[in-house]
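Data block below; observations after.
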Amino acid sequence: MGLTSDEAGAASRLYAERMLQGRNRMRLLPFLGPAFIASIAYIDPGNFATNIAGGSKYGYTLVWVIVASNLMAMLVQGLSAKLGVATGRNLAEVCRDELPRRLVVGLWLQAELIAMATDLAEFLGAALGLHLLFGLGLLPSAGVTVVASFLLLGLQRFGYRPLEATIAVIVLVIGVCYVIEIFDARPDLGSVARHAVVPGFAGGDSVLLAVGILGATVMPHVIWLHSALTQDRIRPENEAQAKRLMRLTWIDVLVAMAIAGLINAAMLVMAASTFFRSGLHDVESLESAHRTLVPLLGGASSALFALALLASGLSSSAVGTLSGQVVMQGFIRRRIPIALRRLVTMAPAFAAVVAGADPSRTLVLSQVILSFGIPFALVPLVVFTSRRDLMGALANTRLTTVAASAVAVLIVGLNVLLLAQTFGL
């Protein structure tokens, strides 16, 4: 008879705790995983839409936005993971215990809305990937997406390792697809390197798209989730073990986020090297990108593009559902059946498909909406991880607090700029 979910989780935790106490050269392996689950949200279908729009319209100009966003993502996800390690609670639970009730309710409601906007992007992306890869209609593709995402979430019953391993394989598949795409596109690597470190814009519309890229890269729902992935994973017995565990956790974060950042950059560079360089500056929809790749790079490239989109949508949809569960349980101590939650959060996506909304345009708009949810997760995270009474020896250093505060201020400022530009203020 196989292990139950609780037995599998307990066995995995015990093994990891023994590895933490020992000196085995392979001791890093049990600690890899949580950041890979979080990283899938950084390469979700919304990233495909914003990165392709940026690359086709502005060439390599906005590569620096991806680099900057990824560096911010590393810091943010590291702090979220650290909160779970240090307190044994996730961010939503700490908010519930430390903040006034009215504020907690407000944070919960906005987090639920953000979860629905997230699911809209991810669900539409997976359905669109199926549509492009196999020629299915969007509505049947949406139905297949429902079944596939439930199967993926079902891996939790065998413990956290199978789900983490599956997500890591999916990240690898997406990465391999884009390695092949980049090889075929033959980008100007010198220009890519220059734009990766030299900030610049190309008019007001590029600012709006840059904020969309930021919203698609730094994802609020996995700020809430990452702390939950580390809170019960391993229990350090003393301060020395806690510090050692955090060092290993940072490696997990840096590796996973670096891979996600490289994939994001590859998306934009591929679009710039094919569409922009060919004079096709308005390839903003995923359907037109898929169609246009055939004459430019061949049918295999367009199939790889659709496969990567499908893999991204399915996996990120499952991660979004996990995040929603964490938010509800943490803020209001309530859990609903994951099937019911999945049906509720994907309702807007089904409505968009039935209404005939442009999937790519909807994806880009959803990313702009997501960018407004970042401060509501990020500000509490920075405040709590700076408190020694909560974090103990793992409390932020002064430099970390300054850097995280600067990231929060920058994101809020960009959102204000986006609001002013959108409404002509």
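The values are calculated or read from the model by the stated rules, or taken from the named source; none is laboratory data. Remember, predicted model here, so these are calculated numbers, not experimental data. Quick reminder, even Gly has a Cβ in these numbers, built from the backbone with ideal geometry, and neighbours come from all protein chains shown.
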For this session: Please determine, by comparing only the residues of region 126-148 that are touching a helix residue (DSSP H, G or I) at 6+ places or on another chain (Cβ under 7 Å) and among the β-branched types (Val, Ile, Thr), which one is surrounded by the most Cβ atoms within 10 Å (Cβ to Cβ).
Result: Thr145
Exercise. Which condition number does Phe201 fail, the rest of (1) surrounded by fewer than 17 Cβ atoms within 10 Å (Cβ to Cβ); (2) in a helix (DSSP H, G or I) being met?
Worked result: (2)
For this session: Give the number of residues within region 149-180 that are more than 28 Å from Ala352 (Cβ to Cβ), surrounded by fewer than 19 Cβ atoms within 10 Å (Cβ to Cβ) and not hydrophobic (A, V, I, L, M, F, W, C).
Result: 4
For this session: May I ask you to list the residues in region 181-190 that are surrounded by fewer than 16 Cβ atoms within 10 Å (Cβ to Cβ) and touching a residue at least 24 places away in the same chain (Cβ under 8 Å)?
Result: Arg186, Asp188
Problem set entry | Unmet requirement for Leu314, which otherwise passes all of (1) outside any helix (DSSP H, G or I); (2) in contact (Cβ under 8 Å) with a residue 60 or more places away in the chain | (1)
Seminar exercise, completed: Leu71 fails exactly one of (1) modelled with pLDDT of 90 or more; (2) aliphatic (A, V, I, L, M); (3) farther than 24 Å from Gly320 by Cα, namely (3)
Exercise. So, in region 261-281, of the ones that are touching a Ser or Thr at 6+ places or on another chain (Cβ under 7 Å) and assigned to a loop (DSSP other than H, G, I, E, B), which residue ends up surrounded by the fewest Cβ atoms within 10 Å (Cβ to Cβ)?
Worked result: His281
Problem set entry | Failed item, numbered, when Asp252 is tested on (1) within 22 Å of the chain's Cα centre (by Cα); (2) more than 24 Å from Val169 (Cα to Cα); (3) charged (D, E, K, R) | (2)
Problem set entry | Flag if Ala168 is on the phi < 0 side of the Ramachandran plot, among the small types (Gly, Ala, Ser) and over 22 Å from the mean Cα position of the chain (by Cα) | no
For this session: Run down Val253, Val319, Val294 and say which single residue is at pLDDT 90 or above and of a type outside the set (Gly, Ala, Ser).
Result: Val253
Exercise. Which number in (1) out of contact with any Gly (no Cβ under 8 Å at 6 or more places or on another chain); (2) surrounded by 24 or more Cβ atoms within 10 Å (Cβ to Cβ); (3) more than 30 Å from Glu237 (Cβ to Cβ) marks the one condition that Lys82 misses?
Worked result: (3)
Problem set entry | region 40-65: number of residues that are buried (at least 24 other Cβ atoms within 10 Å of the Cβ), part of a helix (DSSP H, G or I) and over 13 Å from the mean Cα position of the chain (by Cα) | 11
For this session: May I ask you to say which residue of Ala216, Ala242, Ala258 is assigned to a helix (DSSP H, G or I), at pLDDT below 85 and not β-branched (Val, Ile, Thr)?
Result: Ala216
